[in-house]
1. Only one of (1) in contact with a helix residue (DSSP H, G or I) (Cβ under 8 Å, 6 or more places away or on another chain); (2) crowded, with 16+ Cβ neighbours inside 10 Å; (3) not in a strand (DSSP E or B) fails for residue 11. Which number is that?
2. Do you know which residues across the range 25-48 are modelled with pLDDT under 95 and surrounded by fewer than 10 Cβ atoms within 10 Å (Cβ to Cβ)?
3. Quick check on the range 51-62. Is at least one of its residues within 8 Å of the ligand (Cβ to nearest atom), in a strand (DSSP E or B) and either among the hydroxyl-bearing types (Ser, Thr, Tyr) or in contact with a helix residue (DSSP H, G or I) (Cβ under 9 Å, 6 or more places away or on another chain) (or both)?
4. Being outside any helix (DSSP H, G or I) and either closer than 21 Å to residue 9 by Cα or in contact with a Pro (Cβ under 6 Å, 6 or more places away or on another chain) (or both) is the filter here, so list the residues in the range 26-37 that pass it.
5. If I ask for residues that are closer than 14 Å to residue 7 by Cα and either out of contact with any strand residue (DSSP E or B) (no Cβ under 7 Å at 6 or more places or on another chain) or outside any loop (DSSP other than H, G, I, E, B) (or both), which ones from the range 38-49 would you list?
Amino acid sequence: MTLYVPRIGLCVRCVHHRVTGNRRGSQFHLCGLASTDARFRKYPRLPMLRCEGFQDVEDLTEQGRDEESDE
Ligand code: SF4
């Protein structure tokens, strides 16, 4: 199932996406790639519509399924 959240855009489906929050209930969307690659912002401007670092979380899930079926 593909998740689409217009306010966030691509990041919500990306393996590098992290969500953090504070005690007041605010949520912040972080890019994990920013810690190793200066081209990416720690807090990306949302909604993200196009991104070179985007890696679909569903691709990894499918890879895992393929690896399990090979065993
Ligand atoms: S790599 Fe791009 S799409 Fe993925 S979390 Fe970072 S900014 Fe968002």
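1. Unmet condition: (1).
2. 25, 26, 27
3. Filtering the range 51-62 down to residues within 8 Å of the ligand (Cβ to nearest atom) leaves 51-55.
Restricting the remaining residues to those that are in a strand (DSSP E or B) gives none.
Within the range 51-62, not a single residue is within 8 Å of the ligand (Cβ to nearest atom), in a strand (DSSP E or B) and either among the hydroxyl-bearing types (Ser, Thr, Tyr) or in contact with a helix residue (DSSP H, G or I) (Cβ under 9 Å, 6 or more places away or on another chain) (or both).
4. At the first step, the residues of the range 26-37 found to be outside any helix (DSSP H, G or I) are 26-31, 36-37.
26, 27, 28, 29, 30, 31, 37, listed by residue number.
5. Hits for the range 38-49 are 45, 48.
The values are calculated or read from the model by the stated rules, or taken from the named source; none is laboratory data. As the structure is a computational prediction, the values presented were derived from the model and not from experiment. A quick note on method: Cβ atoms are made from the backbone with ideal geometry, for glycine too, and the neighbour counts reach across all protein chains shown.
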